[in-house]
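Student: Handing you a structure now.
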Amino acid sequence: MKLLIDAQQLSKTFVLHQQDGLALPVLADVSLQVAAGECVALTGPSGAGKSTLLKALYANYLVGGGSIRIHHQGSWVDMTTARPHEIASVRRHTLGYVSQFLRVIPRVSALDIVAEPLLEWGYSMQEAQQQAGAWLARLNIGERLWQLPPATFSGGEQQRVNIARGMIAPRPILLLDEPTASLDAANRAVVVELMREARQRGAALVGIFHDEDTRTAVASRIFDVPLAPALCA
Amino acid sequence: MSQPVLSVSGLAKDYGNGQGCFDIDFELYEGEVLCIVGESGSGKSTLLSTLAGRLSADAGSVRFRDRAGSSHELTTLAEAERRRLARSEWGFVTQHARDGLRMNVSAGANVSERLMALGQRHYGQLRETAAQWLEKVEISRERLDDRPTAFSGGMQQRLQIARNLVTQPRLVFMDEPTGGLDVSVQARFLDLLRRLVHDTGIAVIMVTHDLGVTRLLAQRTLVMQQGRVVEAGLTDQILDDPQHPYSQLLVSSILQA
């Protein structure tokens, strides 16, 4: 079993300075290890910190304590102490994040948005665009839309563009924040299949899947995010 | 890992009376975009000008690695050498295009000037390169012989960007470059800059008020308040999980479109 994520004793408290320094503890002493080929579904009641944990693993949120070691190009990088430049490299090559929301520069075509991660991996423009087209087709984005910027697309279409962009580069670790939310059954099945394929190529997946069918279909293990003690009260 | 293009430590510019910028530390690598955000008077533009050697530093060090791999200490650099680097290795896009353009010569001459300074003399080639750059910034090549005085403010700003980027500098300083642009042109500019960063590996330091621009373009952000960096880190971390009271205020004040 090849470990790719080793997070130990994570804690996270939000301090809201606009609210007189109100402190909201969300994670306390959370540890999670994920190996290649696994898909861990984060579960727990709303507000338990599923999203916070996922974002902390991506270094999008800063943790207050603990370590997050990511296996990156043959060595371990602790995301809690790595410099921004190193985190950027881990994200580019090792650690992908798929959210529900597409945030991109306006006026850039869907095809270019999806191709971009491959360009960063050093693919030629032609090859990157060819693969991007294949991903968009697979996610049922019609070819007539490829050259258009996704700003005018429907919510579901934008989400699928985002999934293609997040999954096209075969990164060893994928973090998925409700990737199938608001997709219809047919597209949900495609995304489930894509996640299975990612596992088969040896990727480690950690995700939040509110839809139970999706969870059952892709998850190899459930991780119940423990409530921070202050929230239990 | 590669060496940083720019290494800044302990940099200060002290105007007296508490104004200026103080204790600035960061490193910038090839292909990185760093945004400096903060309210007016927080020292953003002072920092930018001090980094670029337009203002003399009062303390600290700014080390720049040129294309050949040689390191230069910018705070003590002789003026002639600074000018040479400014022409060949970096660009400076000012907030007001009129400050960064030569208003009494043609658009084409504005774009060609740096190429000529680097020794290009072939008139036809210079003209063609200038025309291509006008098109990249969405100005018709038919305007090549017009003076910038005949351009709108937005066009002048785009011309200034073309003038600075034509030599594909290694490091570009930008002071509120999108401030005067229509949103449609701003989007085009963001896309252009993103491509240039990707294709040529230039590093960019940009002062901006616009956190939307910051999110889309910059991997890294410095938040300044009263001349000091109060928070520094990955852009998405600072925008999604700001730590400092001032960063929280800034982020919570964004208008959602």
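Student: Report whether or not residue B:182 is in contact with a strand residue (DSSP E or B) (Cβ under 6 Å, 6 or more places away or on another chain) and either more than 10 Å from chain A (Cβ to nearest Cβ) or within 29 Å of residue B:87 (Cα to Cα) (or both). Please lay out each step first, then the result.
Tutor: Details: in contact with a strand residue (DSSP E or B) (Cβ under 6 Å, 6 or more places away or on another chain): no; either more than 10 Å from chain A (Cβ to nearest Cβ) or within 29 Å of residue B:87 (Cα to Cα) (or both): yes.
Taking the combined requirement at face value, the residue does not satisfy it.
Student: Something else: So in the range A:91-105, with the set limited to residues that are under 18 Å from the mean Cα position of the chain (by Cα) and within 11 Å of chain B (Cβ to nearest Cβ), which one is surrounded by the most Cβ atoms within 10 Å (Cβ to Cβ)? Before the answer, list the steps.
Tutor: From the range A:91-105, those under 18 Å from the mean Cα position of the chain (by Cα) are A:91-104; that's our starting set.
Imposing the further condition that a residue be within 11 Å of chain B (Cβ to nearest Cβ) reduces the set to A:91-92, A:97, A:99, A:103-104.
On the way: A:91: 24, A:92: 15, A:97: 19, A:99: 20, A:103: 10, A:104: 21.
Here the answer is A:91.
Student: What residue, of A:111, A:174, is surrounded by 18 or more Cβ atoms within 10 Å (Cβ to Cβ) and either touching a residue at least 60 places away in the same chain (Cβ under 8 Å) or farther than 20 Å from residue B:192 by Cβ (or both)?
Tutor: Values: A:111 fails: either touching a residue at least 60 places away in the same chain (Cβ under 8 Å) or farther than 20 Å from residue B:192 by Cβ (or both).
None of the other options fit; the residue is A:174.
Student: Have a look at B:224, B:174, B:206 and point out the one that is within 19 Å of the chain's Cα centre (by Cα), over 21 Å from residue B:157 (Cα atoms) and either of a type in the set (Lys, Arg) or more than 13 Å from chain A (Cβ to nearest Cβ) (or both). First the steps, then the outcome.
Tutor: Values: B:174 fails: over 21 Å from residue B:157 (Cα atoms); B:206 fails: over 21 Å from residue B:157 (Cα atoms).
One residue alone meets the criteria, B:224.
Let's see how each residue does on (1) away from chain B (no Cβ under 12 Å); (2) within 15 Å of the chain's Cα centre (by Cα):
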site	(1), (2)
A:56	no, yes
A:83	no, no
A:107	no, no
A:120	no, no
A:141	yes, no
A:147	yes, no
A:155	yes, no
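Student: Mind checking whether some residue in the range A:31-38 is assigned to a loop (DSSP other than H, G, I, E, B), surrounded by fewer than 21 Cβ atoms within 10 Å (Cβ to Cβ), in contact with a His (Cβ under 9 Å, 6 or more places away or on another chain) and more than 12 Å from chain B (Cβ to nearest Cβ)?
Tutor: yes
Student: Still on this structure: Take the residues in the range B:1-25 that are touching a residue at least 24 places away in the same chain (Cβ under 8 Å) and among the polar types (S, T, N, Q), then tell me which one is farthest from residue B:39 (Cα to Cα).
Tutor: Per the criteria, the residue is B:2.
Student: Another one. Which condition number in (1) out of contact with any strand residue (DSSP E or B) (no Cβ under 6 Å at 6 or more places or on another chain); (2) of a type in the set (A, V, I, L, M, F, W, C); (3) within 20 Å of residue B:209 (Cα to Cα) is the one that residue B:48 fails?
Tutor: Of everything listed in (1) out of contact with any strand residue (DSSP E or B) (no Cβ under 6 Å at 6 or more places or on another chain); (2) of a type in the set (A, V, I, L, M, F, W, C); (3) within 20 Å of residue B:209 (Cα to Cα), residue B:48 misses just condition (1).
Student: While we're on this one: Under 8 Å by Cβ, and 6 or more places apart or on different chains, what pairs join a residue from the range B:225-253 that is not assigned by TED's automatic domain parsing to the domain that holds residue B:33 with one that is basic (Lys, Arg) and buried (at least 16 other Cβ atoms within 10 Å of the Cβ)?
Tutor: Between residues of the range B:225-253 that are not assigned by TED's automatic domain parsing to the domain that holds residue B:33 and residues that are basic (Lys, Arg) and buried (at least 16 other Cβ atoms within 10 Å of the Cβ), there is no close pair.
Student: Give all pairs with beta carbons closer than 7 Å in which a residue from the range B:137-157 that is more than 10 Å from residue B:107 (Cα to Cα) meets a residue that is surrounded by fewer than 16 Cβ atoms within 10 Å (Cβ to Cβ); count only pairs at least 6 apart in sequence or on separate chains.
Tutor: Listed by first residue and then by second, the contacts come to B:154/B:182.
The values are calculated or read from the model by the stated rules, or taken from the named source; none is laboratory data. Given the structure is predicted, the values throughout are model-derived calculations rather than measurements. With ideal geometry, Cβ positions are generated from the backbone for all residues, glycine too; neighbour counts draw on all protein chains shown.
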